[in-house]
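The numbers here are math on the coordinates, done by the rules we state, and not lab data. Every value quoted in this text rests on a predicted model; they were computed, and no experiment measured them. Note that we place each Cβ from the backbone using ideal geometry, even for glycine, and neighbour counts take in every protein chain shown.
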Amino acid sequence: MTDDRLLYQSSIIRGSYFSRMLDCGPYDRWVEIALGYLPRDVLDEHKEGLAYISMAYRDGCRLARVICENREVIVLSDHVLPKGHTDEGQPEVRYFIYVVLHETAHAIKKHRSPKYDSLSAEEFEAQEQEADALAFQWFNDHIALLGNPYLPAITHEEIEAAQAWSQEVMKRLLNGA
């Protein structure tokens, strides 16, 4: 395993693993926090094969071929990024962390694309269930390790409510509202 001092250096330190993984601008720190919920051995194993991108601070972005060839690219929607003065106990931050973990699970399990790999509905659902299960496990194992009574385990009901909120936000954005 990588020495913690090297693995967990901030993304603002050029050459750190987080610096090479994250391209989310001012939201890099939140992605670092979310990745801290991964088991150390999982992050260590996949740190050079993941990249996280956000469009929240730019109009467009071309992904360099080297990124696409060597890393699983996870694009984070700007509407799920934590805004303002927030903390890990707030529902929107908890959902953001869950989204990062869920998408990371897809990446490290090498799940196939429903669109480009012509997955059946059953294959797609199986992948979603696997990603959900890992995200819940990683999230709740991390919370249990913290032992903070003010940070409860995440629940399926909490995620369902957050997903409903997210769908409404996307509908409003699509309708220009």
Through the Karplus equation 6.51 cos²θ - 1.76 cosθ + 1.60, θ set to phi - 60°, convert the phi angles of segment 40-53 into ³J(HN,Hα) values in whole Hz; use x for Gly and Pro. 3, 5, 5, 4, 4, 5, 10, 4, 8, x, 10, 9, 10, 10
Ranked highest first by the average count of other Cβ atoms within 10 Å around their residues, in what order do 97-105, 81-89 fall? 97-105, 81-89
Karplus ³J(HN,Hα) for segment 82-97 (6.51 cos²θ - 1.76 cosθ + 1.60, θ = phi - 60°; Hz, whole; x = Gly/Pro) runs x, 10, x, 8, 10, 9, 5, x, 7, x, 5, 6, 4, 5, 4, 4
Expressed as a whole-number percentage, the relative contact order of the chain with C-alpha contacts under 8 angstrom and at least six residues apart is 18 percent
Count of lysine pairs in the chain with Cα separation under 27 Å (8 or more residues apart, or interchain): 6
When all alpha-carbon pairs of the chain are counted, what percent fall beyond 27 Å? 26 percent
Among PRO152, MET21, TRP138, whose Cα lies farthest out toward the positive end of the dipole of the chain, if unit charges sit on the beta carbon of Lys, Arg (+1) and Asp, Glu (-1)? MET21
In whole Hz and in residue order, list the ³J(HN,Hα) couplings for segment 22-36 that follow from phi through the Karplus curve 6.51 cos²θ - 1.76 cosθ + 1.60, θ = phi - 60°; x for Gly and Pro. 10, 9, 10, x, x, 9, 3, 4, 5, 5, 4, 4, 4, 5, x
Farthest positive-ward along segment 4-174 dipole, Cα basis, beta-carbon charges - from PHE96, ALA164, GLY49: GLY49
Could you line up ASP141, ASP117 from fewest to most neighbouring Cβ atoms inside 10 Å? ASP117, ASP141
Electrostatic dipole magnitude of the chain [Cβ: Lys, Arg +1; Asp, Glu -1; Cα centre; debye, to 20]: 780 debye
